[in-house]
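Participant: Quick one: structure below, then a few questions.
The values are calculated or read from the model by the stated rules, or taken from the named source; none is laboratory data. These numbers come from a predicted model, not from an experiment. Here the Cβ positions follow ideal geometry from the backbone for every residue, glycine too, while neighbour counts run over all protein chains shown.
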Amino acid sequence: MKKMTGVLSIILLFAFSGIFAQVDLFDSLSPDARKVLADSWLDTGKTFQNLKKLKDAKACFEYANDAYPMGASATEARQVLQDSFRIRLSFETNKQFDFYVKRAKVQTNEQFRLNNYLMAAELKADKDVFYQAAVSAYGQNEKDLAKTLLQKAFAAGLDKASISEELKSLGL
């Protein structure tokens with residue numbers, strides 16, 4: 001079964017690699033989906049490394065890091081890259097947070113914007129990020145998620161008087 005999972009991961013890797021040239025796949029994925037993808041790329045990288053296909057292994061480890069850089073798979077991928085390929089990638093929470101916020105602000109696709117704000121929110125409990133994520137979720141008609149994010153924004157210090165009329169309709 002494990003061998004089959006590795007083969008499936010390799011197939012998915014090649015399928016997704018063609019997409020990267022056309023659209024940034026990561027923007028289209030939720031944080032949970034990115035975690036799963038990072039796990040798969042880490043496993044696929046290990047498979048390639050065992051097969052001595054080092055160029056492919058290196059790419060997979062880099063993808064694992066990029067997919068969900070704050071996760072355990074990315075941490076392991078960075079360590080393998082350092083130990084096996086002499087590549088040092090660092091993870092700095094504040095820089096990564098700023099990256100996701102800036103990325104969210106330039107998105108024209110509401111779902112992509114939401115996904116980037118959710119990634120930023122996983123790094124730091126920021127009232128403005130929670131609020132912007134709530135606005136995006138509301139725009140995607142994900143009212144339960146919008147309500148949850150708005151509650152987190154209030155808990156992080158957002159003033160209730162500053163929210164839009166649309167979000168006031170959520171009843172908080």
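Participant: In segment 80-94, which residues are among the charged types (D, E, K, R) and out of contact with any helix residue (DSSP H, G or I) (no Cβ under 6 Å at 6 or more places or on another chain)? Give the steps one after another, and end with the answer.
Facilitator: Keep residues of segment 80-94 that are among the charged types (D, E, K, R), which gives 83, 86, 88, 92.
Within segment 80-94, Asp83, Arg86, Glu92 qualify.
Participant: Look at segment 156-171 and say how many of its residues are closer than 20 Å to Asn115 by Cα and either in a helix (DSSP H, G or I) or not assigned by TED's automatic domain parsing to the domain that holds Gln132 (or both).
Facilitator: Count: 1.
Participant: Next up: Starting from segment 43-55, take each residue that is closer than 18 Å to Arg86 by Cβ and list its partners that are charged (D, E, K, R), counting only C-beta distances under 6 angstrom and pairs at least six apart or across chains.
Facilitator: Every condition considered, the pairs that remain are Phe48/Asp56.
Participant: Just checking, does segment 145-155 include any residue being more than 22 Å from the chain's Cα centre (by Cα), in a helix (DSSP H, G or I) and hydroxyl-bearing (Ser, Thr, Tyr)?
Facilitator: no
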